[in-house]
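Engineer: Before we start, here is the structure in question, set down as structure tokens.
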Amino acid sequence: MDKNLQLDIVTPDRLVLSERVDYVSAHGVKGDFGVLPGHIPMLVALSVGGLSYVVDGSRRTAFVNGGFAEVAGNKVTVLAESSELADNIDLARAMESKRRAEQRLENRETGFNMKRVESSLQRALARIQIHDNR
């Protein structure tokens, strides 16, 4: 049996990651899950948050903005609306996005869709956490 998985993270505009890994874990909309080589095929809807993977015993993390993960034949393919590797997260931009969203929620500014503002806050918080825990 193959001791590795192929992990591909893809967004509509680019290939974020294509690497051989030992393990993958992520946040599905119905709970967290992990994948080792030999896993049964499955399709999982992802929530906004971190996706962790292990390469040669070293844990790495990426941000995924929802999407889907397909597991088939020792390959994990993540199709996400957007994604960034932890080392590529712009912390200043995430902090500013968090500040703006919190201000809009606190003031209930008119002209803004509050669901979109809440989603923006969720993405910013996830990016900050992933950046800080890399």
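The values are calculated or read from the model by the stated rules, or taken from the named source; none is laboratory data. Only a predicted model underlies this, so the values are computations on that prediction, with no experimental measurement involved. Counting neighbours? That spans all protein chains shown, and the Cβs are built from the backbone with ideal geometry, glycine included.
Engineer: Hey, could you check segment 80-120 for residues that are in contact with a Leu (Cβ under 9 Å, 6 or more places away or on another chain) and in contact (Cβ under 8 Å) with a residue 24 or more places away in the chain and say which is surrounded by the fewest Cβ atoms within 10 Å (Cβ to Cβ)?
Structural biologist: Within segment 80-120, the match that is surrounded by the fewest Cβ atoms within 10 Å (Cβ to Cβ) is L85.
Engineer: Which residues, taken from segment 57-74, are over 13 Å from I130 (Cα atoms), modelled with pLDDT of 95 or more and surrounded by fewer than 16 Cβ atoms within 10 Å (Cβ to Cβ)?
Structural biologist: S58, F68, E70, A72
Engineer: Hey, can you tell me all the residues within segment 7-33 that are among the β-branched types (V, I, T) and either assigned to a loop (DSSP other than H, G, I, E, B) or touching a His at 6+ places or on another chain (Cβ under 6 Å) (or both)? Break it down stepwise before answering.
Structural biologist: Going residue by residue through segment 7-33, those that are among the β-branched types (V, I, T) are 9-11, 16, 21, 24, 29.
The one that is among the β-branched types (V, I, T) and either assigned to a loop (DSSP other than H, G, I, E, B) or touching a His at 6+ places or on another chain (Cβ under 6 Å) (or both): V29.
Engineer: Give segment 28-46 a look and list any residue that's buried (at least 18 other Cβ atoms within 10 Å of the Cβ) and without any contact (Cβ under 8 Å) to a residue 24 or more places away in the chain, or say none.
Structural biologist: none
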